Amino acid sequence: QVQLVESGGGLVQAGGSLRLSCATSGRTFSSNGMGWFRQAPGKEREFVAAISWSGGSTSYADSVKGRFTISRDNAKNAVYLQMNSLKPEDTAVYYCAVRKSFGATRMPSTYDYWGQGTQVTVSS
């Protein structure tokens, strides 16, 4: 079974940057898509960014466009989320996920495997 482990979260001041990493292991398919989601206290899990298996197609939530960048390294079986110009509203637990198909989808239900999450806290 595929396993995912996030890292790189922490406490940062508004305007700062963080880079999240998600390492995968187990059997994976080169045609899979990967994504990042986040969940703040009292709120539902929401889409942040997604990337196709080739990296040629990406999708971002409107709230993070221009600030966050998703990328992947298939040779390392890893996906990354570079977060710049962070805002207090970005505070949440961030999760990486992988789906069995290739598309960069936005719905959590389309993803098959999830990491444990990493906390990102942005202070004002």
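Quick one: in the range 46-90, which of the residues that are closer than 19 Å to Gly8 by Cβ and of a type in the set (Lys, Arg) is most open to solvent (accessible area, probe 1.4 Å)?
This residue is Lys76.
Are there any pairs, at least 6 apart or on different chains, whose C-beta atoms fall under 8 Å, with the first in the range 53-66 and more than 15 Å from Ala97 (Cβ to Cβ) and the second charged (D, E, K, R), and if so, which?
Gly55/Arg72; Ser63/Glu89; Val64/Asp90
From Gly26, Gly42, grab the single residue that is of a type outside the set (S, T, N, Q), under 16 Å from Lys100 (Cα atoms) and surrounded by fewer than 17 Cβ atoms within 10 Å (Cβ to Cβ).
On the way: Gly42 fails: under 16 Å from Lys100 (Cα atoms).
It is Gly26.
Among the numbered conditions (1) open to solvent by 50 Å² or more (accessible area, probe 1.4 Å); (2) charged (D, E, K, R); (3) touching a helix residue (DSSP H, G or I) at 6+ places or on another chain (Cβ under 6 Å), tell me where Asp112 comes up short.
(3)
Of (1) closer than 14 Å to Thr118 by Cα; (2) loosely packed, with under 14 Cβ neighbours inside 10 Å, Leu20 satisfies all except one. Which?
For Leu20, the failing item is (2).
Tell me which of these Gly35 doesn't satisfy, since it passes every other one: (1) open to solvent by 20 Å² or more (accessible area, probe 1.4 Å); (2) under 11 Å from the mean Cα position of the chain (by Cα).
Every listed condition holds for Gly35 apart from (1).
Would you please list the contacts, defined by Cβ atoms under 6 Å and residues six or more apart or on different chains, that run from a residue in the range 12-33 that is over 11 Å from Asp90 (Cβ atoms) to a residue that is small (Gly, Ala, Ser) and modelled with pLDDT under 95?
Between residues of the range 12-33 that are over 11 Å from Asp90 (Cβ atoms) and residues that are small (Gly, Ala, Ser) and modelled with pLDDT under 95, the close pairs are Ala23/Ala78; Gly33/Ser52; Gly33/Gly103; Gly33/Ala104.
For Phe102, state whether it is more than 14 Å from the chain's Cα centre (by Cα) and aromatic (Phe, Trp, Tyr). Please lay out each step first, then the result.
On the way: more than 14 Å from the chain's Cα centre (by Cα): yes; aromatic (Phe, Trp, Tyr): yes.
Yes; evaluated as a whole, the condition is true for this residue.
Among (1) touching a Pro at 6+ places or on another chain (Cβ under 8 Å); (2) surrounded by 16 or more Cβ atoms within 10 Å (Cβ to Cβ), there is one condition Ser124 misses while meeting the rest; what is its number?
In the conditions (1) touching a Pro at 6+ places or on another chain (Cβ under 8 Å); (2) surrounded by 16 or more Cβ atoms within 10 Å (Cβ to Cβ), Ser124 misses (2) alone.
Quick one: would you say Glu89 is under 22 Å from Val120 (Cβ atoms), touching a residue at least 12 places away in the same chain (Cβ under 8 Å) and touching a Cys at 6+ places or on another chain (Cβ under 6 Å)?
Values: under 22 Å from Val120 (Cβ atoms): yes; touching a residue at least 12 places away in the same chain (Cβ under 8 Å): yes; touching a Cys at 6+ places or on another chain (Cβ under 6 Å): no.
No, not satisfied.
The values are calculated or read from the model by the stated rules, or taken from the named source; none is laboratory data. Note that the structure is predicted; figures quoted are calculated from it, not measured. Glycine gets a Cβ as well: all are built from the backbone with ideal geometry, and neighbour counts include every protein chain shown. In case anyone asks, the SASA skips ligands and DNA or RNA and just uses the protein heavy atoms, side chains included. Shrake-Rupley method; radii C 1.70, N 1.55, O 1.52, S 1.80 Å.
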